[in-house]
Amino acid sequence: MMDKDYIPFHPNPSKPNFRVPEGSVDAHCHVFGPADKFPYHPKRKYTPCDASKEQLFALRDHLGFSRNVIVQASCHSTDNSALVDALNSAGELARGVAFVDDSITEAELKEMHEAGVRGVRFNFVKRLVDSTPKEVFFAIADKIRPLGWHIVVYFEAADLEELIPFLKALNTTIVVDHMGTPKVANGVDHPDFQRFVNFMADNDNVWCKVSCSERLTQHAPDYSDVYPFARTLVEKFPNRVLWGTDWPHPNMKVEAPNDGHLVDVIPHIAPTKELQQALLVDNPMALYWAE
Ligand code: 0GY
């Protein structure tokens, strides 16, 4: 168990200058606690700042978004109750991605589906989770297949090469968090990022989130060093990209970003109305709200 080691989220984010299209989806954000109601997991690697559903929904409205995709983070591990509670409150305005192990039952999955869960997250980031045998992931993939859910994967760029055979063998829709976490100082031509681009080009079941400028940048708060990475992916794969705030920015080691500034990154990475509509509305609606 760890003491609170969080840096709190921005208390008063600005109104973005960029107006997102009608019906936009923040496709990567979290709810945390509140700990007195939804305690953090004993095996967590960090303790986040409480970030309630009410605060998330207020941010959604403030930034001009219409819907959220709420992603389970490692600090709540397989206890998805805060997530499900938020989904039940949001109704049609939110969908979720859960974190489960292979003991999950059909009945539990069905209950989560009814609340709005449409995917599970497999986390390979070593600083966040202990390693899980691949058989466990395959067993989970088999259990969620009948529900039509997809798999969100979070890994560090250097680990992609080793993961590719496994990701292909999952044989389902995959969404990669945060562009596969490139090291932006290396530039877009670096083999690690090119491997990721080629992986998306070769596998049309693979989507990615062009999110997390705040974590990838070395130039906060303008994030311009991240633009070429995200823009490459948006322009090459316009129908397989999603965007999210990553609010409340768990486990940041530096000051949390102003979420209004993060929204102002969007026109730099998706420069046309068509790309913005796909990124913020059509793609997330197709993946999370299709029946
Ligand atoms: C994120 C980022 C992080 C944390 C988690 O599951 C998690 O704990 O996702 C991180 O520390 O990079 O965007 O979800």
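Considering 173, 181, 132, the condition of being in contact (Cβ under 8 Å) with a residue 60 or more places away in the chain and among the polar types (S, T, N, Q) is satisfied by 173 alone.
Tallying residues that are within 16 Å of the ligand (Cβ to nearest atom) and charged (D, E, K, R) within the stretch 202-256 yields 6. Residues in the stretch 24-52 that are farther than 29 Å from residue 137 by Cα and crowded, with 22+ Cβ neighbours inside 10 Å: 24 alone. Determine, yes or no, whether residue 60 is among the charged types (D, E, K, R) and within 15 Å of the ligand (Cβ to nearest atom). No; evaluated as a whole, the condition is false for this residue. When the stretch 94-112 is filtered for residues that are free of Cβ contacts under 8 Å to residues at least 40 places away in the same chain, away from the ligand (no atom under 16 Å from the Cβ) and surrounded by fewer than 16 Cβ atoms within 10 Å (Cβ to Cβ), the ones remaining, listed by number, are 103, 105, 106, 107, 108, 110, 111. If you go through the stretch 60-88 and keep only what is free of Cβ contacts under 8 Å to residues at least 60 places away in the same chain, part of a loop (DSSP other than H, G, I, E, B) and aliphatic (A, V, I, L, M), you end up with nothing. State whether the residues of the stretch 5-21 include one that is under 18 Å from the mean Cα position of the chain (by Cα), away from the ligand (no atom under 16 Å from the Cβ) and over 20 Å from residue 150 (Cβ atoms). No - not one qualifying residue is present in the stretch 5-21.
When residue 120 is tested against the conditions (1) buried (at least 20 other Cβ atoms within 10 Å of the Cβ); (2) more than 18 Å from the chain's Cα centre (by Cα); (3) under 17 Å from residue 75 (Cα atoms), the lone failure is (2). Would you confirm, using the coordinates I've provided, whether residue 115 is among the small types (Gly, Ala, Ser) and either touching a His at 6+ places or on another chain (Cβ under 6 Å) or within 16 Å of the ligand (Cβ to nearest atom) (or both)? No; evaluated as a whole, the condition is false for this residue.
Looking across the stretch 194-240 at every residue that is of a type in the set (Gly, Ala, Ser) and more than 17 Å from the chain's Cα centre (by Cα), the one that is farthest from residue 165 (Cα to Cα) is identified as 220.
Taking the criterion of being in contact with a helix residue (DSSP H, G or I) (Cβ under 9 Å, 6 or more places away or on another chain), among the charged types (D, E, K, R) and more than 15 Å from the ligand (Cβ to nearest atom), the residues of the stretch 118-161 that qualify are 118, 134, 143, 161. Evaluate the following for residue 88: is it of a type outside the set (Asp, Glu) and at positive phi? No. Among the residues of the stretch 129-156, those identified as modelled with pLDDT of 95 or more and of a type in the set (D, E, K, R) are 134, 135, 142, 143, 145, 156. Give me the pairs: first residue in the stretch 36-59 and within 22 Å of residue 90 (Cβ to Cβ), second residue within 15 Å of the ligand (Cβ to nearest atom) and of a type in the set (Ser, Thr, Tyr), beta-carbon distance under 7 Å, and six or more apart or on different chains, which are they? Every condition considered, the pairs that remain are 40/47; 48/6; 49/6.
The values are calculated or read from the model by the stated rules, or taken from the named source; none is laboratory data. If you're wondering where the values come from, they're calculated on a predicted model, not measured in any experiment. Cβ coordinates were reconstructed from backbone atoms using ideal geometry, including for glycine residues, and neighbour counts include every protein chain displayed.
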